[in-house]
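Engineer: Here it is, the structure, as structure tokens.
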Amino acid sequence: MPPRRDNDKFIQADSDSDISVDDEDFSKSHKGKGKADVRRKRDVKGKGKAKDTQSYTWEASYTRSWETVQEDEAGSLQSSVDDWMARGRRRRLLEPSTAIRRTIIRHLILLLDLSTSMMDRDMRPTRFDLMLQVVREFVAEWFDQNPLGQIGVVGMRAGIGERIGEMSGNPQEVLKCIADRHKLEPTGEPSLQNSIEMARSSMSHLPTHSSREIIIIFGSLTTCDPGNIHETLDACVKAKIRISVVALAAEMKICRDLCDKTGGQFGVALNEGHFRDLLFELIPPPAQQAVSRGASRATNPSADLMMMGFPTRLPDTSPPSLCVCHSEVKSEGFLCPRCLAKVCDVPTDCDICGLMIVSSPHLARSYHHLFPVRAYDAVLSADEAASNSCHGCFRPFPPPPTGTTTTSEGLSPLGRYRCPDCKNDFCSECDVFVHDVIHCCPGCGQ
Ligand SMILES: [Zn+2]
Ligand SMILES: [Zn+2]
Ligand SMILES: [Zn+2]
Ligand SMILES: [Zn+2]
């Protein structure tokens, strides 16, 4: 599925998942005050003006999504749409545009909170259902952008860490293990230490060139640990495991420490849309740290060459034989180029000789993270030399607006976006498509 993230946001604007930051969510996670405070504030409001927002809790369960979309004077919704476009563009401008070193061979353990606090209904329909839904989208998008990566899933419930899915490079396999809602039914207390230890042990065998990451989705405000969690944290720092936490309730000191000391990101979700954004920010591969500016590439010790093998794909009509990964009799599969063992899926590490087996399209798809397309500049004033149609889709640009128009920051009033390298103009749709989907400028690529 192509990652049309900006378009999803348009849909969200008029669907039920609200994008507005309402009173309760905001004060809960921003000011860090308890619920009681919010309730008091609401009471005061209820006595004052009746039409002042959200007097009763049951009212809050209806999202007034129509109120988040503002019409302009002419009754058009274009300004709201522009606002979303501008937000996406600004986010893209913040991303580094120069080539930086990133780890493209990633190993990630998703640590899902399956404790009773996930049944809380402050996020609709429940935190648990929302998490499953967003994690499924996340997994699909993650594999789309990181085809050489592998994901494993660990659950936290009833005080222990529970292995839900083995580390796998096949998105279908990962999605299958989180598909059944009833197998993941939340129970008991979560244990951060137990589940981090489990995640750590399942990544201890990995080679040094791959990244080791843990993403924790945490809805609880407590953790029930058998020992000192700071020892676990130190062990993670030593093993170069990067831990990121997306909290659904509030900030906890230990979660913040886990992220800060291991170089991960921490965030508290304000609402459903923000939760999704926080999680999706973790999709691009992390930049490699500790590369000082003075050191040249040659002296950088971690820039080793690594061995990879391109497998031979067996046709479906080949005689069935046993695979080394599942010991199943199948006709299709891939042959390791070094030891000729048969594996079911790529990318993977050969179970017999340990060679990393990738397919060349996967390798090519990972490439764009290393050389990102530079953000296009918004064209603010018309000039005669510019072409009349978009260089990407050849649709003519709209005529320049007459009179004074107010546009939000980062948007072009002419609807033109210019590549800083090849100086071609693109329409806003092509701008989004180039940066989010194809990762290659059609003008520069010629
Ligand atoms: Zn197999
Ligand atoms: Zn092999
Ligand atoms: Zn276009
Ligand atoms: Zn270009």
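Only the coordinates and a few stated rules stand behind these numbers; no lab work does. What you see is a predicted model, and the numbers here were worked out from it, not measured in a lab. For neighbour counting, all protein chains shown are included, and Cβ atoms are generated from backbone atoms with ideal geometry for every residue, glycine included.
Engineer: Need one number: nm distance between label points at GLU173 and ALA287, each 7 Å from Cα along Cα→Cβ, rounded to one decimal.
Structural biologist: Taking the simple label geometry, GLU173 and ALA287 are separated by 3.3 nm.
Engineer: Here's something else I'd like to know. Once fully extended, how much extra length lies between ALA158 and MET306, figured as 0.36 nm per residue of separation less the alpha-carbon to alpha-carbon distance?
Structural biologist: Numbers: separation 148, 0.36 × 148 = 53.28 nm, distance 4.13 nm.
Computed gain between ALA158 and MET306 is 49.1 nm.
Engineer: Further, regarding this structure: Taking θ = phi - 60°, what integer Hz values does the Karplus form 6.51 cos²θ - 1.76 cosθ + 1.60 yield along region 259-267, in sequence order, with x for Gly and Pro?
Structural biologist: Ordered by residue, 3J(HN,Hα) equals 6, 5, 6, 9, x, x, 10, 10, x Hz.
Engineer: Kindly state, to the nearest 0.05, the FRET efficiency for ALA385 paired with LEU77, given R0 = 25 Å and r defined as their beta-carbon distance.
Structural biologist: Working: r = 34 Å, r/R0 = 1.35.
The computed FRET efficiency comes out at 0.15.
Engineer: Enumerate the amide H contacts of ILE216 below 5 Å, restricted to partners 5 or more residues apart or on another chain; note that Pro and chain-start residues carry no placed amide H.
Structural biologist: HN-HN under 5 Å from ILE216: LEU111, SER244, VAL245, VAL246.
Engineer: Rounded, prolate or oblate: pick one for region 103-280, where a ≥ b ≥ c are the square roots of the eigenvalues of its C-alpha gyration tensor, a/c under 1.5 means rounded, and failing that, prolate if a/b is larger than b/c, else oblate.
Structural biologist: Details: a/c = 1.40, a/b = 1.10, b/c = 1.28.
The shape class here is rounded.
Engineer: Separate question: I'd like to know which of SER244, CYS259, ILE105 lies farthest towards the positive end of the charge dipole of region 103-280, counting +1 on Cβ of Lys and Arg and -1 on Cβ of Asp and Glu.
Structural biologist: ILE105
Engineer: Here is a further query. Please list, in chain and number order, the residues 5+ apart from ILE357 or on another chain whose amide H is under 5 Å from its amide H, with Hs placed from the backbone.
Structural biologist: GLY309, THR348, ASP349, CYS350
Engineer: Here's another thing I want to ask about it. Report, in whole Å, the centroid distance computed from the Cα atoms of region 188-248 and region 106-125.
Structural biologist: Their Cα centres are 15 Å away from one another.
Engineer: Give me the distance in nm between label points sitting 7 Å out from Cα along the Cα-to-Cβ direction at ARG121 and ARG313, one decimal.
Structural biologist: In this crude label model, ARG121 to ARG313 measures out at 4.9 nm.
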